[in-house]
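All remarks here apply to the structure that follows.
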Amino acid sequence: MNQYQTERRLCWCYALLATFLAVSVVCIAIPYNHWRATLDVCPGSWLENTNCGCIFFGVSTFQYFNGGHNSYCLYAIFAPLPILAYALIMALFHMYRVCINNVGQYEDEKSTAMEEIEGEAIVVTTRTRVSQKNDAVIYCWIPTASIAAIFCLYNLVHAAIITNGFLKTCSQYRGYLAREIHASGDHVSVIHFRLTCQAIFDFMDYLQKNAPNSRRGEFINTGVALQIALITSWVAVALWIGVVILTSIRAYKERNVLTCCGN
């Protein structure tokens, strides 16, 4: 794989990363804004700043179904923004190099010519390569791979937290739902062991009562929105792994070149 092919694939990876992360942020922000007033019913005095309006890490109590602390949702929404901006910048950078400069497009291609020396025909084979003096990007493959690895771990933590929060809310609402509809016997078993989280959030969309002095407006499909957010977050993690592999391979090929980090 030559440098042109590597940068073309990186362009696609970074562009998809920016897209998936943006979708994840939007699909978390919409349910959070929809539910934060309804779920913010934590018990406590006026001295306590509970702020439990997050759709993640919900808790079933004797009287209400409380959301998780707002910090969870704020983290879920704003944490991906720095890596989203980085992915967008890198996508535009590699797009410029691939679509306009065509840097490295003919690297590793062989050309064969016949030359006559002292009456003998000699086959001369040459290999085209990007000039190391003219292309400063080859000095930064190792730093780029390192940054991608850090952002991959960063995105992995984010995806793990929102997945755990989603499953916690789903699990807690099962018990709350069984109590609200006065389920018993096999009905309870169905709610706890057969219904998917999508079905549980469907019940939540239509059966969860508004908190005092709060109105949610029109119904939304909370389960679909949150599951899209989870899927796009984990796909983004896979794409970061792909970026790390591509940049690491390229860094290995350029291992003899002075990099930003030294020899």
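The values are calculated or read from the model by the stated rules, or taken from the named source; none is laboratory data. Quick caveat: nothing in here was measured; it's all calculated off a predicted structure. So basically every Cβ, Gly included, is an ideal-geometry build from the backbone, and we count neighbours across all protein chains shown.
Each residue in the range 149-200 was checked for being at pLDDT 95 or above, more than 13 Å from the chain's Cα centre (by Cα) and among the aromatic types (F, W, Y), and 1 pass.
For the range 215-223, state whether one or more residues are at pLDDT 90 or above and assigned to a helix (DSSP H, G or I). Yes; the residues of the range 215-223 include at least one that is at pLDDT 90 or above and assigned to a helix (DSSP H, G or I). Looking at the range 147-172, which of the residues that are crowded, with 16+ Cβ neighbours inside 10 Å and among the small types (G, A, S) is nearest to R36 (Cα to Cα)? So, considering only residues that are crowded, with 16+ Cβ neighbours inside 10 Å and among the small types (G, A, S), the one nearest to R36 (Cα to Cα) is G165. Of the residues contained in the range 154-164, one or more are found to be without any contact (Cβ under 8 Å) to a residue 12 or more places away in the chain and of a type in the set (V, I, T). The test for being surrounded by 17 or more Cβ atoms within 10 Å (Cβ to Cβ), at negative phi and in a helix (DSSP H, G or I) does not hold for A199. Being hydroxyl-bearing (S, T, Y) and either assigned to a strand (DSSP E or B) or modelled with pLDDT of 95 or more (or both): is that true of Y96 here? When the stated conditions are applied, Y96 does not pass them. For the range 151-189, the tally of residues that are closer than 18 Å to V59 by Cβ and not aliphatic (A, V, I, L, M) stands at 15. A Cβ distance below 6 Å, combined with a sequence gap of six or more or placement on separate chains, defines the contacts here; from the range 74-94, residues that are in contact (Cβ under 8 Å) with a residue 24 or more places away in the chain reach residues that are buried (at least 20 other Cβ atoms within 10 Å of the Cβ) and among the aromatic types (F, W, Y) in the pairs I83/F151; A87/Y14; M90/Y14; A91/Y14. Within the range 165-184, the set of residues being without any contact (Cβ under 8 Å) to a residue 60 or more places away in the chain and part of a helix (DSSP H, G or I) comprises L167, C170, S171, R174, L177, A178, E180.
Comparison of R36, R8 shows that the only residue that is under 30 Å from Q208 (Cα atoms), surrounded by fewer than 23 Cβ atoms within 10 Å (Cβ to Cβ) and in contact (Cβ under 8 Å) with a residue 24 or more places away in the chain is R36.
Rundown of residues vs (1) hydrophobic (A, V, I, L, M, F, W, C); (2) over 30 Å from I181 (Cβ atoms); (3) under 21 Å from the mean Cα position of the chain (by Cα); (4) surrounded by fewer than 17 Cβ atoms within 10 Å (Cβ to Cβ), yes/no style:
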position: Q3; (1), (2), (3), (4): no, yes, no, no
position: V26; (1), (2), (3), (4): yes, yes, yes, yes
position: V41; (1), (2), (3), (4): yes, no, no, no
position: G53; (1), (2), (3), (4): no, no, no, no
position: F57; (1), (2), (3), (4): yes, no, yes, no
position: S60; (1), (2), (3), (4): no, no, no, no
position: G67; (1), (2), (3), (4): no, no, no, no
position: L74; (1), (2), (3), (4): yes, yes, yes, yes
position: L88; (1), (2), (3), (4): yes, yes, yes, no
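Only a single item in (1) within 23 Å of E7 (Cβ to Cβ); (2) aliphatic (A, V, I, L, M); (3) at pLDDT 95 or above is not met by L246, and it is number (3).
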